[in-house]
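Nothing in this text is a laboratory measurement; each read-out follows from the coordinates by a stated rule. Values in this document were obtained by computation on a predicted structure and should not be read as measured data. Every residue, glycine as well, gets a Cβ built from its backbone with ideal geometry; the counts of neighbours run over all protein chains shown.
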Amino acid sequence: MSDSVNTPESPQPPTTPDGEHPDHAPGVSIRHTRAKGEPRFPDGPKADPAGSHFERRIRSFQPRRSRVTAGQADALQRLWPKWGLDIDGHQRLDLAELFGNDNPVVLEIGFGMGEATAQMAAADPRTNILAVDVHTPGQGNLLNLADRDGMSNIRVANGDAIILLREMLTPDSLDGLRVYFPDPWPKKRHHKRRLIQPDFLTLAATRIKPGGTVHCATDWEPYAEQMLEVLTAHPDFENTQADGGFAPRPDFRPLTRFEGQGLDKGHVVNDLLFRRVQHVEQPPAGA
């Protein structure tokens, strides 16, 4: 999951209709000198929305500083109040109210710069995507893409996905979960930081409707093997593949530019597609 819990770039000077500063080259970040304590996006995502209200624990993401372009900054300022959500853990979300309709909702954890998310939203406008990340440039870029292409089925959430699942989503409120190319944490001592773990799946299962899907993809083969092992062993999920193995890449998951570059270099990308099972309560013995 990409991350940037550091304070994001500050509001930028007036921009052109395309969202760029008139004296600024497109795609190049700009800096702004702020007074001490001044928020960088007064109307945008907070640096740490949940603050210290929740327990300390090992997280699957780490802070990563990155610059914000003028166009991304403009999108955050204009669109965050409309399509953004800070994960503060203090409210239960009504997803129908959040999206303005009763369409199915899929949670995507870690969307990077948001290009694939935008493509999926455009291809399936009757599915709502709640996209979670903490990478400020990516948040701004995804909002910009949604606005440019007139897509109203995307909401961008900022913060810890665990807090979102546990504190803010209601049982059986999701139709699916997508985790594409999460941080593989390749060193053995860091494996405990990987997102796809039994405890995470147990939590996710309480929020995904029976029949809903968990779709993961990774280009790190050892992590793919661990994902397959953990998902296969979990009682709340079943593999959609009859052979119990990896799934072909579904048509709805776009082949990203970076994934294509990896494939050209011989990387192997594995998809996993599991279904949330419906447990049938057994009658008491002798009933």
Partner lysines for LYS46 [C-alpha distance under 26 Å; skip if fewer than 8 residues away on the same chain] = LYS36, LYS82
Span from the region 129-187 Cα centroid across to the region 231-272 one, whole angstrom | 19
Cα Rg, Dmax (largest Cα-Cα span) when computed across region 130-287, Å | 17.3, 63
Mark the label point 7 Å from the Cα of LYS82 along Cα→Cβ and return the residues of region 104-120 whose backbone N is within less than 20 Å of it.
-> 114-115, 117-120
Exactly which trypsin sites (Lys or Arg not before Pro) in region 79-175 are in a DSSP loop and have at most 15 other Cβ atoms within 10 Å?
-> ARG92, ARG126
Zone of ARG92 (label point 7 Å along Cα→Cβ, backbone N under 18 Å): which residues in region 150-174?
-> 163-174
Sparse-neighbourhood loop sites, chymotrypsin sites (Phe, Trp or Tyr not before Pro) in region 226-275 - DSSP loop, at most 15 other Cβ within 10 angstrom | PHE252
Sequence order, region 244-256: Karplus ³J(HN,Hα) from phi using 6.51 cos²θ - 1.76 cosθ + 1.60, θ = phi - 60°, Hz rounded, Gly and Pro as x, gives x, x, 6, 9, x, 5, x, 4, 6, 8, x, 7, 7
Region 101-221, Rg to Rh (Cα coordinates; Rh as Kirkwood inverse mean 1/r) = 0.96
At q = 0.11, 0.16, 0.17, 0.29 Å⁻¹, what is the base-10 log of I(q)/I(0) for region 125-194 according to the Debye formula with one equal point scatterer per Cα and no solvent? Please give it to two decimals.
-> -0.36, -0.72, -0.80, -1.34
Of the convex hull enclosing the alpha-carbon atoms of region 184-269, the direction-averaged projected area in nm² is 6.6
